[in-house]
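Heads up: the structure comes next, in C-alpha cells.
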Amino acid sequence: MQYILETNVFPREPEPLKELRALTATHPWAVMSTAPDAGQMIAILLKIAGAKKTLEVGVFTGYSLLLTALTIPNDGKIVAIDMDREAYEIGRPVIQKAGVEHKIDFIESEALPALDKLLENPNNEGSFDYAFVDADKINYINYHERLMKLVKVNGIVVYDNTLWFGSVAQPEDMVLNEFKEGRVRTIEFNKSLVTDPRVDISMVPLGDGITICRRLC
Ligand SMILES: C[S@@+](CC[C@H](N)C(=O)[O-])C[C@H]1O[C@@H](n2cnc3c(N)ncnc32)[C@H](O)[C@@H]1O
C-alpha cells in the first residue's frame, strides 16, 4: 500500500513544485491546484513533444505553470492567462527563485478576450506547441474553438478536471448540488470532444481527470 501511494503522486517532483504546493496548502482554494500525478504526466508529454511555445488558461498560484516553466527549454515561452493576479502573486516568489520567470508572460484578464487578442496577431495562429486549460468549465467549449486556431497541427491541448470530482460518472440524483452545474458542463464538453474530428483524444484518470487532445487538422 505504501508503495502504491508513493508511486501515485509525483516521484522526483522538483523541489520548487513541492515548495509551491506547501505554500498553496494554506489557501482556502488549495484543492483547485492541478494534481501532482497529472502534473507528472504533463511533464512527460511536454518533453516528448519538445514543446517550447505554450499557453495556459487558469493559473491560480501557479503549480501547473511552474511545472511547464521547469520543463520547457530555457528559451521556451508560456503565455499565462488568469483574471486573478493576487493568486499568481502568491506563487510568484517560488517561480522567481526557481529561475524560470523569464519564460512567463502573465496576462491578467478574462481568458476569452485574451485568447481573441492573441488571435488578432496572425503570427500566433497555429504557433503554440501546447496549451493547458484549467479555468471556468462553462467556457471550455469556447476555449477549445480558440485553441484549435492557436495550437499547431500535431500540437497538444490538455484539459483539466474532465472527471469533475468523479461526478460525470454518477447518476444525477447522487451528485451533490455544488457539483451539478459543473457536471452538466463537463459532460457536454467531454461529448463534444468525442465527436470533434479535429482532435485525437485520450481521457486519463489522473488527478481530477485530464483529457489530452492532439490537433489533427
Ligand atoms: C483551478 S484554478 C487553476 C489551477 C492551476 N492550474 C494550478 O495548477 O494551480 C482556476 C483558475 O482559473 C481562473 N479563472 C476562472 N475563470 C476564468 C476566466 N473566465 N478567465 C480567466 N481566468 C479564470 C481562476 O481565477 C483560477 O485562478
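For this structure, a couple of remarks:
- Any hit, segment 90-103, residues being outside any helix (DSSP H, G or I), of a type in the set (G, A, S) and more than 22 Å from V157 (Cα to Cα): yes
- Only one of the numbered conditions (1) modelled with pLDDT of 95 or more; (2) in contact with a helix residue (DSSP H, G or I) (Cβ under 6 Å, 6 or more places away or on another chain) is violated by P93, and that is (2).
- Qualifying residues in segment 69-86 (those that are out of contact with any helix residue (DSSP H, G or I) (no Cβ under 6 Å at 6 or more places or on another chain) and part of a helix (DSSP H, G or I)) - the one farthest from the ligand (Cβ to nearest atom): L70
- Among the candidates V168, V153, the residue that is surrounded by fewer than 13 Cβ atoms within 10 Å (Cβ to Cβ) and touching a residue at least 12 places away in the same chain (Cβ under 8 Å) is uniquely V153.
- All of (1) assigned to a loop (DSSP other than H, G, I, E, B); (2) crowded, with 24+ Cβ neighbours inside 10 Å hold for L65 with one exception: (1).
- Listed by first and then second residue, the pairs linking a residue in segment 98-112 that is away from the ligand (no atom under 15 Å from the Cβ) to a residue that is of a type in the set (S, T, N, Q) and not in a strand (DSSP E or B), with Cβ atoms under 8 Å apart and 6 or more places separating them unless they lie on different chains, are K103/N74.
- Cβ-Cβ distances below 9 Å connect no pair with a first residue in segment 34-61 that is without any contact (Cβ under 8 Å) to a residue 12 or more places away in the chain, a second residue that is within 13 Å of the ligand (Cβ to nearest atom) and not in a helix (DSSP H, G or I), and a separation of six or more residues or different chains.
- Residue identified as surrounded by 14 or more Cβ atoms within 10 Å (Cβ to Cβ), touching a residue at least 12 places away in the same chain (Cβ under 8 Å) and touching an Asp or Glu at 6+ places or on another chain (Cβ under 8 Å) among R183, R215: R183
- Number of residues in segment 15-68 that are more than 10 Å from the chain's Cα centre (by Cα) and more than 12 Å from the ligand (Cβ to nearest atom) equals 22.
- Restricting attention to segment 122-155, the residues that are within 16 Å of the ligand (Cβ to nearest atom) and of a type in the set (V, I, T) total 3.
The values are calculated or read from the model by the stated rules, or taken from the named source; none is laboratory data. Just so it is clear, the model here is predicted, and its values are computed rather than measured. So basically every Cβ, Gly included, is an ideal-geometry build from the backbone, and we count neighbours across all protein chains shown.
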